[in-house]
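As structure tokens, the structure follows; a few thoughts come after it.
The values are calculated or read from the model by the stated rules, or taken from the named source; none is laboratory data. The shown structure was predicted, so the numbers you read here are calculated from the model rather than taken from an experiment. With ideal geometry, Cβ positions are generated from the backbone for all residues, glycine too; neighbour counts draw on all protein chains shown.
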Amino acid sequence: MICARDIHKSFGATSVLRGISLELQRGEVVAIIGPSGSGKSTFLRCLNHLETIDSGRITVEGEVLVENDASGQARYVPDAQIRSIGRKMGMVFQSFNLFPHLTVLENIIEAPMLVKKMARAAIVPQAEQLLQKVGLLDKRDAYPNRLSGGQKQRVAIARALAMGPDILLFDEPTSALDPELTGEVLRTMRALAQEHMTMLVVTHEMGFARDVANRVVFMDKGEIVEQAPAQAFFANPQQQRTRAFLHNTL
């Protein structure tokens, strides 16, 4: 579904990604963990073109998004192709990013109507089904300022699903939430995993990574230190840096 090869990214003189390579298979849930500043969120943002890479190759469902030219510098496909590839992926941010002046329902139907040119009458029933899925149909006419953080994040997940993506990217979806609200968001993500939604999740929730992810990737200092099936990763980490991180977080 996603194939990233030798991804390099710097901000000025600071090297943030140092040769990251990762594949995501259809129906797979991959959790990316690691300390703050390790490049996890930057890598996710590079996959859906919120950040541009310096060099490397990214393909999404076999379509090239970016690859190196003859000089070894990253060259992106034309903008129309970037937008088409981008629609294969939905993004859920840690800060929700809901429009405060729109109701819950309007937040969900806005992108399908504007980007996919769907008729309101066609998308509203789908939006209501998604709100039912995330347990918030009764909030369809509420504004974001009337919702808890956990409810806002579940609306954000429904909004991402409304575009019909093949892949969902999550950037620390529970980090802005109180602990008691984290569970409702994780339950929604678990349900998506059970439906075999392809997901790449940057998270600090070790329980989710262990119990829901098929594979866990540990990043540090812009590199992948270790990756393995979830149960093996937590039961028998191979690298000393991984063991130290897990010792401090579990």
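Structure summary
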| quantity | calculated |
| --- | --- |
| Hits in the range 199-218 - residues which are charged (D, E, K, R) and closer than 11 Å to E28 by Cα | R215 |
| Conditions (1) loosely packed, with under 13 Cβ neighbours inside 10 Å; (2) in contact with an Asp or Glu (Cβ under 8 Å, 6 or more places away or on another chain); (3) closer than 30 Å to L98 by Cα: number failed by Q194 | (2) |
| V115 being among the hydrophobic types (A, V, I, L, M, F, W, C), farther than 23 Å from L186 by Cα and surrounded by fewer than 16 Cβ atoms within 10 Å (Cβ to Cβ) | yes |
| Which numbered condition G207 fails, given (1) of a type in the set (G, A, S); (2) farther than 17 Å from A156 by Cα; (3) within 16 Å of the chain's Cα centre (by Cα) | (3) |
| Qualifying residues in the range 47-103 (those that are surrounded by fewer than 18 Cβ atoms within 10 Å (Cβ to Cβ) and of a type in the set (G, A, S)) - the one modelled with the lowest pLDDT | S95 |
| Selection status of S71, over 26 Å from M163 (Cβ atoms) and without any contact (Cβ under 8 Å) to a residue 40 or more places away in the chain | yes |
| In the range 206-229, residue surrounded by the most Cβ atoms within 10 Å (Cβ to Cβ) [restricted to those that are more than 18 Å from L17 (Cα to Cα), in contact with a strand residue (DSSP E or B) (Cβ under 6 Å, 6 or more places away or on another chain) and not hydrophobic (A, V, I, L, M, F, W, C)] | R215 |
| In the range 44-70, the residues that are touching a Leu at 6+ places or on another chain (Cβ under 6 Å) and closer than 30 Å to N248 by Cα | L44 |
| Evaluation of A156 against (1) out of contact with any helix residue (DSSP H, G or I) (no Cβ under 8 Å at 6 or more places or on another chain); (2) closer than 30 Å to A232 by Cα; (3) crowded, with 18+ Cβ neighbours inside 10 Å (one fails), failing number | (2) |
| Helices (runs of 4 or more DSSP H) enclosed by the range 24-120 - at least 3 residues per element that are among the β-branched types (V, I, T) and more than 16 Å from the chain's Cα centre (by Cα) | 104-114 |
| Within the range 17-29, tally of residues that are surrounded by fewer than 23 Cβ atoms within 10 Å (Cβ to Cβ) and in contact with a strand residue (DSSP E or B) (Cβ under 7 Å, 6 or more places away or on another chain) | 9 |
| Residues of the range 74-115 classified as small (G, A, S) and farther than 27 Å from T174 by Cα, total | 3 |
| Selection within the range 124-153 - buried (at least 21 other Cβ atoms within 10 Å of the Cβ) and either β-branched (V, I, T) or touching a strand residue (DSSP E or B) at 6+ places or on another chain (Cβ under 6 Å) (or both) | V134 |
